[in-house]
Each structure stands twice: as structure tokens, then as C-alpha cells.
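This report concerns only the one structure given below.
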Amino acid sequence: MSFAVNLALGLLFGVGLIVSGMSDPAKVLNFLDLFGNWDPSLAFVMGGAVIAAFFGYRLVLKRENPVAAASFQLPASKAIDSRVLIGPAIFGVGWGLGGFCPGPALTAAMLGSAGTYAFLPMMFVGMWLARTLAARRVAAPA
């Protein structure tokens with residue numbers, strides 16, 4: 001059941017990305033271009049996502065267990081360290097330069113968007129590099 005639920009949710013997410021225009025890098029880059037050809041429409045997409053997440057988390061976390069897993073997977077640490085600051089900064093710079101983040105890039109690739117064929121391999125290299133560096137950091141003696 002878990003695979004089917006995850007697949008259905010992933011497809012719903014992908015359709016949402018297409019409908020909202022988030023899979024179009026030009027739309028994303030125009031949203032980020034505050035002093036040029038600014039397109040504020042994605043602010044409504046983000047605002048809707050924030051509202052849905054705000055109420056959704058409160059509703060779901062009232063349950064004893066998730067529907068498709070044995071337990072909730074919540075972060076144990078609330079510390080704000082260099083990884084919490086640098087990781088999202090790198091993500092944001094990449095998003096601003098390329099117009100893609102992972103979800104929309106995968107969706108755009110399925111639609112045949114040529115720019116994703118350069119972006120996706122580098123995204124996977126970046127993911128591998130981040131995991132490799134994190135594993136070395138954990139393995140290194142303190």
C-alpha cells in the first residue's frame with residue numbers, strides 16, 4: 001500500500017507543478033526577477049502551499065500513526081547550524097540560476113523540456129556529493 005500511496009501523491013504533486021507553472025523555468029526565473037520582468041503569480045502558489053501545509057501538518061500530526069508508515073519521521077534536532085544555512089543557500093542559488101528545483105525538474109523532463117537534460121545529471125551529482133560529504137562528516141572522529 002505504501003508504494004501505491006506514494007506513487008499517487010507523487011503524480012498529484014507533478015500535476016500540481018504543471019498546472020501552477022512551476023515546471024516552467026522561465027516562469028520561475030521571472031518570479032525571481034524582482035527588478036525586471038517580475039511575475040508575481042507564483043507567490044499565490046507558494047502562499048497556497050504554506051496555508052495547506054500549516055493546516056495539513058496540524059491535522060495529520062493529531063493522528064497516532066501515519067496512514068502509510070509505521071511511525072512519523074520528524075526531525076530530532078532543532079539546532080540551526082552551518083548545514084541548515086549553507087544547504088538551503090546553495091539550493092536557492094541553483095534554483096535562481098537554473099529555474100529548476102528537483103520536483104519541477106523531474107516533471108519538466110517527463111514533458112521533454114530540453115533544459116532539464118543538462119540540469120538533472122548535475123542535480124544527481126550534487127545529491128551524491130552531499131551524501132558522500134555527510135557520510136564522511138559522520139565517520140570522522142570528533
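Read-outs: derived from the displayed coordinates by stated rules, not from any lab. In this text, all values refer to a predicted model and were calculated from it rather than measured experimentally. Neighbour counts run over all protein chains shown; Cβ positions are idealised from the backbone, glycine included.
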* **Under Karplus coefficients 6.51, -1.76 and 1.60, residue-wise ³J(HN,Hα) of segment 26-35 in Hz, glycine/proline x** => 5, 5, 5, 5, 5, 5, 7, 8, 5, 10
* **Interchain or long-range residues, amide H under 5 Å from G21's placed H** => none
* Where trypsin sites (Lys or Arg not before Pro) fall in DSSP loop in segment 25-99, at most 16 other Cβ within 10 Å -> K62, R63, K78
* Asked: Using a simple spin-label model with points 7 Å from Cα along the Cα→Cβ vector, what separation in nm is obtained for A76 and L133?
  -> 2.3
* Structure fact -> The exposure ranking of L34, L97, fewest beta-carbon neighbours within 10 Å first, is L34, L97
* Asked: So how strong a dipole does the chain carry about its Cα centre when Lys and Arg Cβ are +1 and Asp and Glu Cβ are -1, to the nearest 20 debye?
  -> 520
* **Given charges at Cβ of Lys, Arg, Asp, Glu: segment 2-139 dipole, positive-most of G112, G36, G94** => G94
* Residue by residue through segment 96-104, which ³J(HN,Hα) values in whole Hz follow from phi under the Karplus form 6.51 cos²θ - 1.76 cosθ + 1.60 (θ = phi - 60°), with glycine and proline marked x? -> x, 6, x, x, 10, 10, x, x, x
* Using a basic spin-label model with each label point 7 Å from the Cα along Cα→Cβ, how many nm lie between A140 and L32? -> 2.9
* Using a Förster distance of 35 Å, how high is the FRET efficiency between F124 and R58, based on the Cβ-Cβ distance and rounded to 0.05? -> 0.50
* Determine one quarter of the surface area of the Cα convex hull of segment 2-139, which equals its mean projected area, and express it in nm² to one decimal. => 10.6
* Asked: Taking the Cβ-Cβ separation of Y117 and F13 as r and a Förster radius of 25 Å, what is the calculated FRET efficiency to the nearest 0.05?
  -> 0.75
